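Encoded as structure tokens, the structure appears first; notes follow it.
The values are calculated or read from the model by the stated rules, or taken from the named source; none is laboratory data. Quick caveat, the model's predicted, so the values are computed rather than measured. Positions of Cβ are backbone-derived with ideal geometry, glycine not excepted, and every protein chain shown enters the neighbour counts.
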Ligand SMILES: C[S@@+](CC[C@H](N)C(=O)[O-])C[C@H]1O[C@@H](n2cnc3c(N)ncnc32)[C@H](O)[C@@H]1O
């Protein structure tokens, strides 16, 4: 599959035209998360469904806006894209110029984000990190990946907000690593009344961030010595439609 990161090459990327600003041009020297395997996997999961078609959608933690733009191109009626980083908002607005009639990029925090949607997507920060910030990964902005000691600082917020953000019949897609507890997300989503399951999984080699964390993860028993492959998963959470009552005569 063409990776999202490669799609700024118009020769390999139907989503990008020669007039579309390229992701590489826009990323501004590492201030904004460059789309990676997790971004690809999230788009793939939505692509495997028809949930974007005609949807009022939200893309949480939008970063470069690559997921928001993909959802618009998959047929969403509207997309609200939100990120806590000013740099991400600026880049996402520029990336989504060709879909600006449907994509609204807002600065904001998932913790205070409100609204109800047919489709919600989210690729949050999910890398477990020691509290003292001792692991540095200069190639990526910390806020894009660092997610507290168990990797769940943003995931817990997203899982607990999911039911309120979905319209009846709506779907949320969240991507994360095994190191942030896939089962913990599924359990949290189910406990809020949603139907939740893993819909796509993939083993991928460690990127620069996890490579920098490997020794720490090994030292606290969360990674087998020498393993340098992680499992990524996309979880779909579905809000049941309101049952229709039979007409009384
Ligand atoms: C892993 S990146 C994902 C970027 C993009 N969605 C993608 O898939 O390539 C996570 C993004 O979440 C943003 N972020 C982190 N904490 C946030 C929060 N509490 N509320 C909103 N955005 C947040 C970061 O600024 C970063 O752009």
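Scanning segment 81-98 for residues that are over 20 Å from residue 140 (Cα atoms) and touching a residue at least 60 places away in the same chain (Cβ under 8 Å) turns up 97, 98.
Looking only at residues in segment 117-151 that are in contact with a strand residue (DSSP E or B) (Cβ under 9 Å, 6 or more places away or on another chain) and without any contact (Cβ under 8 Å) to a residue 60 or more places away in the chain, the one that is farthest from the ligand (Cβ to nearest atom) is 133. Across segment 71-80, not a single residue is classified as in contact with a helix residue (DSSP H, G or I) (Cβ under 6 Å, 6 or more places away or on another chain) and touching a residue at least 40 places away in the same chain (Cβ under 8 Å). Within segment 24-60, the set of residues being crowded, with 24+ Cβ neighbours inside 10 Å, in a loop (DSSP other than H, G, I, E, B) and within 12 Å of the ligand (Cβ to nearest atom) comprises 32, 33, 35. Candidates 83, 109: the one that is within 11 Å of the ligand (Cβ to nearest atom), within 24 Å of residue 153 (Cα to Cα), surrounded by 15 or more Cβ atoms within 10 Å (Cβ to Cβ) and at pLDDT 95 or above is 83.
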